[in-house]
Amino acid sequence: MWNVRIFALLAALVWPATSQAQTPPGNYPDKPVKVIVPFAAGGPTDVVARLIATKLSERTGKQFYVENITGAGGNAGMGQAARAGSDGYTILFVSSSYVVNPSLYPKIPYDP
C-alpha cells in the first residue's frame, strides 16, 4: 500500500516540471486549485495530499489548497468532486475507496 503512495507522490512531484515546459506562461492555473480529500484531516491520504499540494504550489507559483470533505466513507467528497466543473481547478485525491465503495454502497454520487 505504501509503495503505491510513494509512487503517486513521486509522480506528482515530477508532473509539474514536465507540464510547465509544455505550457506557455499565463495559462493554467490562473486561480487557486482546490484539492479535495474525502477523508478527515491528519490521516495518511490527507498528509500525502498536503505534501503534493505544497510542492505543486512551489513549482507552479500558484495556490493549491486541500479541502477535507468527510462523510459516507468518502462518498460525500467524491460526489462533490464529480459535480465540480471540468476546468481542472478541482482535483480529487483518493485512496482505494474510490473503486471499493461502489461494491459497498447501493448508490454512490459518482461514476468511477
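Numbers at a glance
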item: Residue identified as surrounded by 15 or more Cβ atoms within 10 Å (Cβ to Cβ), closer than 11 Å to residue 37 by Cβ and polar (S, T, N, Q) among 68, 75; result: 68
item: Residue among 66, 100, 94 that is free of Cβ contacts under 8 Å to residues at least 24 places away in the same chain and either over 25 Å from residue 27 (Cβ atoms) or under 14 Å from the mean Cα position of the chain (by Cα) (or both); result: 100
item: Members of region 81-108 that are surrounded by 19 or more Cβ atoms within 10 Å (Cβ to Cβ) and assigned to a helix (DSSP H, G or I); result: 81, 101
item: Sole residue being surrounded by fewer than 15 Cβ atoms within 10 Å (Cβ to Cβ), part of a helix (DSSP H, G or I) and at pLDDT 95 or above, chosen from 54, 18; result: 54
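The values are calculated or read from the model by the stated rules, or taken from the named source; none is laboratory data. Remember, it's a predicted structure, so these values are computed and weren't measured experimentally. Note that each Cβ is placed from the backbone with ideal geometry, even for glycine, and that neighbours are counted across all protein chains shown.
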